[in-house]
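Nothing in this text is a laboratory measurement; each read-out follows from the coordinates by a stated rule. Note that the coordinates shown come from a computational prediction; the quantities given were computed from them, not determined experimentally. A quick note on method: Cβ atoms are made from the backbone with ideal geometry, for glycine too, and the neighbour counts reach across all protein chains shown.
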Amino acid sequence: MGRLRFLTAGESHGPALAATVEGLPAGLRIDAGSIEADLARRQRGYGRGARSTSIEHDRAEILSGVRHGRSIGSPVLLLIRNRDWDNWTRVMQVEALTDEQAGELAALAAAGDKRAAPVTKLRAGHADLAGAVKYGFDDVRNVLERASARETAARVAAGAVARAFLGELGIDVWSFTAEVGGVAYDPSATARPREEAEASTLRGPDADAEARMIARIDEARSAGDTVGGVFEVVATGVPIGLGSYVAWDRRLDAALAAAVMSIPIVKGVEFGLGFEQTRRLGSQVMDVIEGRDGAEWRRATNNAGGLEGGVSNGQPIVIRGAVKPISTLPRPLPSADLLTGEAVEKGHYERSDISVVPATGVVAEAMVCLTLADFVLDKFGGDSMAEIVASVHRHRERVAAGPARTTSGSRPAADPAVEPAADSAVEPAADDAAALPSESE
């Protein structure tokens, strides 16, 4: 990331999770209630486990960077306290254990308390083995506490702040569940309104498909297994021109793909038609350009998913993510012990969900919001919301007006409102100044 940066901190069963968002312009309305609403969306969905549905009720405390409801340009610090911390205070305490405390944990472990015992039975599909070897740990607890999907709650809190920023510019980001356990929604079926889909059990647009998805989750639960699926994120109102084709690390599609792939359970990302494009002819894939209406360029289709050459093209950005089945199985698979290297009958088990596709979609929304916000700031700059809103407004006016006409190899004719004579003072045209929105807009 460039202009906008964020970091998360905290362990799954530690005192709290935290997120720091740096680079926000001053003057952005930030409301703790809207952050809490996104955190609640992440915790919902059929197939979630007890921790998400009954133990944790996530709420973000805003500790810095906001005064009287608006950002002040300094880093925003968000804190999400873990309610389950009360059950893990000795196991996860920050201070070094005294001999007495170490003896207490050893006694609890000997008595069968799984929390107190070191974790050495590796779990397939997790970061357990690779992480323990990388950092030289003899207790996998050091790995799983940070590699846990619980960390994504902090991302969602940070993403809610980025969502507020994008909303001021008319950019909206939403996701829905497209497939669970091999059961996919039917794009040709009558779709639920967004509000109804959002309120549904799996946040899906197809009620009939959702019923079959729920049945599939129930089958997996009965078998002691888990299921994956596919979510779809759609971003609308994205101005044309975010990103660039001139260098690999300035491509918006690459940044979005990396952001969504960074979600631990996501194993594939595609834009628009994605892999389906490989099965069609070029004439069936390319989005025919029909012309321009004001600042909007019309397309016959959106198979590219709103991105061409690494640049947003004004169409809705459409991203799909493949969610693997959850690695922690209610009936653990055979594994091996970290310390001895010998086979064991079952890997370690902690609480687990059966399906998290709707929740992963919400996390993906957060990552898309954070990435788009970064690219918006890169293109439009500004230290305050008023500056950025004005810059976006001017950009849309330029797109609506079209490029200045030139002859081959020549410069555009001088426009006194844009390119004054060398001996004149640089002043904005009166019409341009009047066109800029005020801060209250």
MRE, 222 nm, helices only [DSSP H, n ≥ 4, -39500 (n - 2.57), over the chain, to nearest 500]
-9500 deg cm²/dmol
If one takes the longest principal axis of the Cα atoms in the chain, at what angle in degrees, from 0 to 90 and to the nearest 10, does the Cα axis of helix 207-222 lie?
30 degrees
Sorting check: for 59-70, 146-157, which peptide has the highest mean count of neighbouring beta carbons within 10 Å, and how do the rest follow?
146-157, 59-70
Sparsely packed GluC sites (Glu not before Pro) within the stretch 84-118, loop by DSSP, other Cβ within 10 Å at most 10:
E95
Partner aspartates and glutamates whose C-alpha sits under 12 Å from that of K114, ignoring same-chain residues fewer than 8 away, are E350
If amide hydrogens are placed 1.01 Å from N in the peptide plane, which non-local residues have theirs closer than 5 Å to the one on S64?
L77
Please name whichever of G136, A223, L273 sits farthest to the positive end of the charge dipole of the chain, dipole taken about the Cα centre and charges placed at Cβ: Lys and Arg +1, Asp and Glu -1.
A223
Once Lys and Arg get +1 and Asp and Glu get -1 on their Cβ, which of P193, A149, L169 lies farthest toward the positive end of the dipole of the stretch 95-194?
P193
For the stretch 261-273, Karplus-derived ³J(HN,Hα) couplings (6.51, -1.76, 1.60; θ = phi - 60°; whole Hz; x for glycine and proline) come out as 5, 6, 5, x, 8, 7, 10, x, 9, 9, 10, x, 5
Once each part is reduced to its C-alpha centroid, what is the distance from the stretch 246-309 to the stretch 65-89 in angstrom?
35 Å
Separation between Cα centres of the stretch 155-223 and the stretch 326-343, rounded to whole Å:
32 Å
Cβ-placed point charges (K, R +1; D, E -1), dipole of the chain about Cα centre in debye, nearest 20:
720 debye
What's the angle, to the nearest 10 degrees (0 to 90), between helix 357-380's Cα axis and the longest principal axis of the chain?
40 degrees
Nearest-ten-degree value, helix 32-43 long axis tilted from longest Cα axis of the chain:
50 degrees
Within straight cross-link reach of K379, meaning Cα distance under 14 Å, which aspartates and glutamates are found once same-chain residues fewer than 8 apart are removed?
E387
